[in-house]
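Participant: Dropping the structure in here first, questions after.
The values are calculated or read from the model by the stated rules, or taken from the named source; none is laboratory data. Keep in mind the model is a prediction, meaning the values are calculated, not measured. Note that we place each Cβ from the backbone using ideal geometry, even for glycine, and neighbour counts take in every protein chain shown. The area values use the complete protein model at the heavy-atom level, side chains included, leaving out ligands, DNA and RNA. Shrake-Rupley method; radii C 1.70, N 1.55, O 1.52, S 1.80 Å.
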Amino acid sequence: MDLKLIQAFVLVAEELHFTRAAERLGVAQPVMSQWIRKLEAEFGQPLIERTTRTVRLTAAGSAALPHARQVVDAARLLERAIDHEGTSVLGSVTLGYAGASSRPWLPGIARAVRRQAPGVDLRLQSMVYAGAAPSLVAAGDLDLAFSRRPQTYTGLVDRVFEYERVLVGLSTDHPLAGQEEIRLIELAQDPWVMFPAHQGSSVRDMGLRLASQAGFTPRIVQEAPDSYTILGLVAAGVGVTITLSSLEHVATPGLKLVPLAGPARYLTATILHRRKPGRATQAVIDVLTGLHPIPDRPEGLVLV
């Protein structure tokens with residue numbers, strides 16, 4: 001069985017999006033689709049269910065995924081051990097991240113780890129939401145994760161990575177799109193687009209909390225699992241949303257991001273790890289510390 005087919009399956013399973021998985025592997029999307037079909041032919045049953053709107057694992061795909069990850073990890077560690085014989089730190093480290101908000105930092109982090117800790121195999125796992133990250137790190141399913149404060153697990157340690165300003169997302173033809181700032185109560189009658197409730201999204205929780213403080217409950221008309229989709233739906237006029245300044249890099253035609261009225265509000269993005277990390281994880285933490293010093297606390301309200 002070709003290792004690249006298994007790797008392609010793992011990436012598609014993580015991203016649930018063929019194009020983004022292909023970008024991570026450095027191949028064209030049609031090639032990725034061809035590899036998945038070939039792997040399914042070898043297994044004799046479908047692993048991934050595709051429709052025009054969604055990608056999800058079949059029961060067989062869900063059963064195969066943990067074993068496929070082990071195969072890919074073992075192969076990468078074997079290659080790393082041979083290539084870096086004599087390196088003081090060898091091992092695999094898994095870093096969990098939610099998606100678009102942390103994606104701009106990942107290439108620089110990966111390059112710095114390869115340069116400064118060449119014996120460490122850094123594995124990036126997407127779709128890890130802040131609400132779910134602490135339990136995954138505590139259980140050992142992840143070594144590091146982007147998360148948010150407050151952090152309540154006694155066996156974990158977090159470090160401030162970035163302060164993200166809270167923004168309103170709306171379409172450019174929305175009546176409020178021309179304003180320099182927006183009071184949340186002005187969106188009380190609008191339909192909203194948000195993350196699903198069950199995924200542990202701190203952005204969703206924060207948006208609902210701010211709306212409650214403003215005196216209303218948002219009318220959520222559509223949910224989506226990632227910021228790319230949410231902002232696309234907002235740009236299309238499906239509804240409005242609450243988002244963060246770390247998403248300003250997402251170039252979406254028809255989208256306008258506007259600050260909330262009043263004092264600037266921020267969420268605290270952190271890097272989370274166990275209190276006593278292994279040597280490989282500590283090596284990555286040291287790289288992150290040198291690459292991204294703790295930022296100054298901004299003026300305004302830091303929400304927890």
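Participant: Before we move on, is SER201 out of contact with any strand residue (DSSP E or B) (no Cβ under 6 Å at 6 or more places or on another chain), more than 30 Å from PRO66 (Cα to Cα) and among the hydroxyl-bearing types (Ser, Thr, Tyr)?
Facilitator: Numbers: out of contact with any strand residue (DSSP E or B) (no Cβ under 6 Å at 6 or more places or on another chain): yes; more than 30 Å from PRO66 (Cα to Cα): no; among the hydroxyl-bearing types (Ser, Thr, Tyr): yes.
No.
Participant: Just for helices (runs of 4 or more DSSP H) wholly inside segment 1-63: which have at least 3 residues that are more than 22 Å from ALA98 (Cβ to Cβ) and among the small types (Gly, Ala, Ser)?
Facilitator: Per the criteria, no element qualifies.
Participant: While we're on this one: Quick one: which of SER246, SER212 is assigned to a helix (DSSP H, G or I), closer than 18 Å to LEU184 by Cα and not hydrophobic (A, V, I, L, M, F, W, C)? First the steps, then the outcome.
Facilitator: Details: SER246 fails: closer than 18 Å to LEU184 by Cα.
Among SER246, SER212, only SER212 is assigned to a helix (DSSP H, G or I), closer than 18 Å to LEU184 by Cα and not hydrophobic (A, V, I, L, M, F, W, C).
Participant: Among the residues of segment 290-300, is there at least one that is buried (at least 17 other Cβ atoms within 10 Å of the Cβ) and among the aliphatic types (A, V, I, L, M)?
Facilitator: No, segment 290-300 contains no residue that is buried (at least 17 other Cβ atoms within 10 Å of the Cβ) and among the aliphatic types (A, V, I, L, M).
One line per residue, one yes/no per condition, for (1) closer than 15 Å to ALA269 by Cβ; (2) crowded, with 18+ Cβ neighbours inside 10 Å; (3) touching a His at 6+ places or on another chain (Cβ under 6 Å):
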residue	(1), (2), (3)
LEU142	no, yes, no
ALA145	yes, yes, no
ARG148	yes, yes, no
GLY155	no, no, no
VAL160	yes, no, no
GLY178	no, no, no
ARG183	no, no, no
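Participant: Does any residue in segment 43-71 that is among the charged types (D, E, K, R) come within less than 8 Å, Cβ to Cβ, of a residue that is open to solvent by less than 60 Å² (accessible area, probe 1.4 Å) and assigned to a strand (DSSP E or B) six or more places away or on a different chain, and which pairs are these?
Facilitator: GLU49/VAL55; GLU49/LEU57; ARG56/ILE48
Participant: Another one. In segment 99-106, is there at least one residue being touching a Gly at 6+ places or on another chain (Cβ under 6 Å) and crowded, with 18+ Cβ neighbours inside 10 Å? Working first, answer last.
Facilitator: So the first thing to find is which residues in segment 99-106 are touching a Gly at 6+ places or on another chain (Cβ under 6 Å), and the list is none.
Looking for residues that are touching a Gly at 6+ places or on another chain (Cβ under 6 Å) and crowded, with 18+ Cβ neighbours inside 10 Å, one finds none in segment 99-106, hence no.
Participant: Now for a different question. Return yes or no: is PRO253 assigned to a loop (DSSP other than H, G, I, E, B), more than 19 Å from SER102 (Cβ to Cβ) and touching a residue at least 24 places away in the same chain (Cβ under 8 Å)? First the steps, then the outcome.
Facilitator: On the way: assigned to a loop (DSSP other than H, G, I, E, B): yes; more than 19 Å from SER102 (Cβ to Cβ): yes; touching a residue at least 24 places away in the same chain (Cβ under 8 Å): no.
No, not satisfied.
Participant: Right, something else. Exactly one of (1) open to solvent by 80 Å² or more (accessible area, probe 1.4 Å); (2) over 19 Å from ALA64 (Cβ atoms) is unmet by ARG20. Its number?
Facilitator: Exception for ARG20: condition (1).
Participant: Report yes if some residue within segment 182-191 is touching a residue at least 60 places away in the same chain (Cβ under 8 Å), among the acidic types (Asp, Glu), more than 20 Å from GLN125 (Cα to Cα) and not in a strand (DSSP E or B); otherwise report no. It would help to see each step written out before you state the result.
Facilitator: Filtering segment 182-191 for residues touching a residue at least 60 places away in the same chain (Cβ under 8 Å) gives 182-184.
Checking the rest, the ones that are also among the acidic types (Asp, Glu) come to none.
Among the residues of segment 182-191, not one is touching a residue at least 60 places away in the same chain (Cβ under 8 Å), among the acidic types (Asp, Glu), more than 20 Å from GLN125 (Cα to Cα) and not in a strand (DSSP E or B), which makes the answer no.
Participant: Name the residue that is modelled with the lowest pLDDT, counting only residues in segment 193-204 that are surrounded by fewer than 17 Cβ atoms within 10 Å (Cβ to Cβ) and either part of a helix (DSSP H, G or I) or more than 18 Å from the chain's Cα centre (by Cα) (or both).
Facilitator: Within segment 193-204, the match that is modelled with the lowest pLDDT is HIS198.
Participant: Quick one: count up the residues across segment 271-285 that are buried (at least 20 other Cβ atoms within 10 Å of the Cβ) and either within 24 Å of ILE242 (Cα to Cα) or of a type outside the set (Gly, Ala, Ser) (or both).
Facilitator: 5
Participant: Within segment 81-171, which strands (runs of 3 or more DSSP E) (wholly inside it) include 2 or more residues that are at pLDDT below 85 and over 20 Å from the mean Cα position of the chain (by Cα)? Spell out how you get there, then give the answer.
Facilitator: On the way: elements: 91-96, 120-125, 144-148, 156-171.
Counting at least 2 such residues, we get no strands (runs of 3 or more DSSP E) at all.
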